[in-house]
Amino acid sequence: QDSVYREKGRPQVHFSAQRGWLNDPNGLLYEDGEYHLYFQHNPYGWPWGNMHWGHAVSTDLLHWKQLKEAIYPVIKEGVTDDAAFSGTAVVDPENTAGFRKNGVDPIIAVYTSTGRGECLQLSYDKGRTFTDYEGNPVLKHQGEGRDPKVFWYDLDKHWVMVVWDAGMPKKLSNGDQAMVREHSIYTSPDLKRWTYQSGVAGFFECPDLFELPVEGKSGVKKWVMYDASGKYVVGDFDGKKFNIEQHLTRYEHGGGYFYAAQTFNNAPNGRRVQIGWGRDITHPGMPFNQAMLFPTALTLRMTTDGYRLCPTPVNEINSLHKNSKVLENRVVTAGENVSLPVNPDTPLHVIAEFERGDAPIVFRMLGYEMRFDNEWIFSTTPLQGSDQRDTQPVMYAPKSDLFKIEVIADKNILEFFINDGELYYVVPFNGKKTGKIEAVASRDVSRKFIVKRLEVHELNP
Ligand code: FRU
């Protein structure tokens with residue numbers, strides 16, 4: 001990677017723009033050997049505004065090369081104000097839209113042009129540059145809606161668009177008319193003509209909808225629909241309507257630092273790869289503002305609490321490991337600790353496996369503390385600009401006797417994956433860092449737990 005990416009305050013294994021503000025990932029698509037990461041970008045400044053689609057490509061989800069802006073606001077007759085808001089990218093190998101030219105199927109971006117509605121833009125040069133489709137807009141969301149997610153539904157040979165409609169007029173059961181906020185489902189034979197089919201209420205911004213195999217139940221698959229905040233429902237989808245089996249749950253438990261995630265269309269080997277935005281995790285003094293979170297692979301697991309959508313870091317991360325250290329089978333009794341020294345300025349990948357004894361476990365990652373008792377996981381954040389610390393219960397503790405904590409640490413970002421993604425927690429950490437990963441048994445009880453394994457890997461960006 002070039003030197004512009006090596007500034008002192010820049011995350012090294014999380015994508016950030018060379019300069020300017022970034023928010024949602026957009027148009028995530030694998031095509032022709034490349035992962036495309038488009039993103040909400042202000043190319044001119046540090047705060048949100050002037051939304052364009054920035055663009056980066058990668059062959060391994062780890063090393064990104066930022067290219068020129070891909071989609072610009074469209075100012076033309078009748079449109080005086082525009083911004084390129086979030087959306088999807090697809091390819092159309094069956095040429096349903098008739099966009100094939102000289103044997104080339106374009107990459108088609110479907111996004112919200114704030115001045116017009118849901119619009120298409122076409123790229124015939126591998127997603128580098130786009131031109132506006134002359135028939136735009138192809139849809140006009142209801143109310144202040146936005147963020148179309150589009151994919152091909154092969155069983156019925158039609159396109160599906162899920163878009164957030166903030167004011168869908170609906171008749172309620174008592175006969176009244178109401179404006180409903182929902183993720184609306186539209187279908188189209190050709191990406192140009194869209195028909196409203198149904199909607200799922202209770203969501204806010206940035207829809208996604210996809211099918212996943214249920215782990216350990218061979219042949220069983222379920223559909224998941226989610227929104228920007230990480231709320232999701234699980235059920236069945238027949239190409240037009242989502243039938244909810246499990247109502248709204250949440251798969252990330254932090255304070256809103258994980259936001260507006262999207263999954264790749266057409267990722268190889270059926271993998272469902274997701275990238276989220278590390279919202280409001282700031283990187284002071286840098287020419288850019290905000291960064292993406294680490295790419296994860298999603299699985300759907302049946303647990304005692306019902307279905308859980310489980311993100312874990314994509315296994316490509318293992319190819320970055322260097323200077324690995326491991327310790328195994330250590331009993332930790334009250335007041336004691338087990339630790340491994342680390343370089344706090346290097347991005348790290350840490351995997352810890354515990355056998356719960358009868359002592360609450362304190363796990364310190366560079367000084368950032370998580371405490372596990374039988375019911376809750378508490379997280380301790382240094383309060384900005386003071387020595388005080390804020391300890392809060394953040395999520396239910398795993399109920400299993402054996403449990404696993406996986407962490408990715410990079411400039412100002414900590415991502416925790418507990419029990420292979422059953423719990424996911426993202427938090428900013430720009431406090432003072434210690435050069436240690438520690439597991440401590442709290443002093444107040446004469447009890448113990450076991451560190452089955454503690455692995456610490458530096459990540460070589
Ligand atoms: C979510 C969001 C989207 C919108 C985009 C604008 O973070 O508000 O709904 O398309 O950001 O930048």
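Go through (1) under 17 Å from the mean Cα position of the chain (by Cα); (2) without any contact (Cβ under 8 Å) to a residue 40 or more places away in the chain; (3) more than 16 Å from the ligand (Cβ to nearest atom) for residue 256 and report which single condition fails. Result: residue 256 passes all but (3). Of the candidates 54, 103, the single residue that is within 16 Å of the ligand (Cβ to nearest atom) and assigned by TED's automatic domain parsing to the domain that holds residue 16 is 54. Among residues of segment 171-187 that are touching a residue at least 12 places away in the same chain (Cβ under 8 Å) and closer than 24 Å to residue 238 by Cα, those with a beta-carbon under 9 Å from a residue that is open to solvent by 40 Å² or more (accessible area, probe 1.4 Å) and of a type in the set (Phe, Trp, Tyr) at least six positions away or on a different chain give the pairs 181/204; 184/196; 185/196; 186/196; 187/196. Tell me whether segment 370-378 contains one or more residues that are basic (Lys, Arg) and either under 26 Å from residue 309 (Cα atoms) or without any contact (Cβ under 8 Å) to a residue 60 or more places away in the chain (or both). For segment 370-378, residues basic (Lys, Arg) and either under 26 Å from residue 309 (Cα atoms) or without any contact (Cβ under 8 Å) to a residue 60 or more places away in the chain (or both): present.
Looking only at segment 231-273, count every residue that is among the hydroxyl-bearing types (Ser, Thr, Tyr) and over 22 Å from residue 305 (Cα atoms) and tell me the total.
Here is the first cut: in segment 231-273, the residues among the hydroxyl-bearing types (Ser, Thr, Tyr) are 232, 249, 251, 257, 259, 263.
The next check asks that each one be over 22 Å from residue 305 (Cα atoms); those that pass are 257, 259, 263.
Here the count works out to 3.
For residue 154, the criteria (1) buried (at least 22 other Cβ atoms within 10 Å of the Cβ); (2) out of contact with any strand residue (DSSP E or B) (no Cβ under 9 Å at 6 or more places or on another chain) hold in every case but one, which is (1). Among the residues of segment 17-35 satisfying the criterion of being more than 16 Å from the ligand (Cβ to nearest atom) and either in contact with a helix residue (DSSP H, G or I) (Cβ under 9 Å, 6 or more places away or on another chain) or in contact (Cβ under 8 Å) with a residue 60 or more places away in the chain (or both), which is most open to solvent (accessible area, probe 1.4 Å)? This residue is 19. For the condition in contact with an Asp or Glu (Cβ under 7 Å, 6 or more places away or on another chain), more than 23 Å from residue 270 (Cα to Cα) and within 15 Å of the ligand (Cβ to nearest atom), residue 184 qualifies. The set of residues in segment 204-262 being among the aliphatic types (A, V, I, L, M) and not in a strand (DSSP E or B) consists of 220, 228.
The values are calculated or read from the model by the stated rules, or taken from the named source; none is laboratory data. All figures in this text were calculated on a predicted structure; none of them were measured in a lab. In this analysis, Cβ positions are derived from the backbone assuming ideal geometry, glycine residues included, and neighbour counts consider all displayed protein chains. Just the protein is used for accessible areas: all its heavy atoms, side chains included, with ligands, DNA and RNA removed. Shrake-Rupley method; radii C 1.70, N 1.55, O 1.52, S 1.80 Å.
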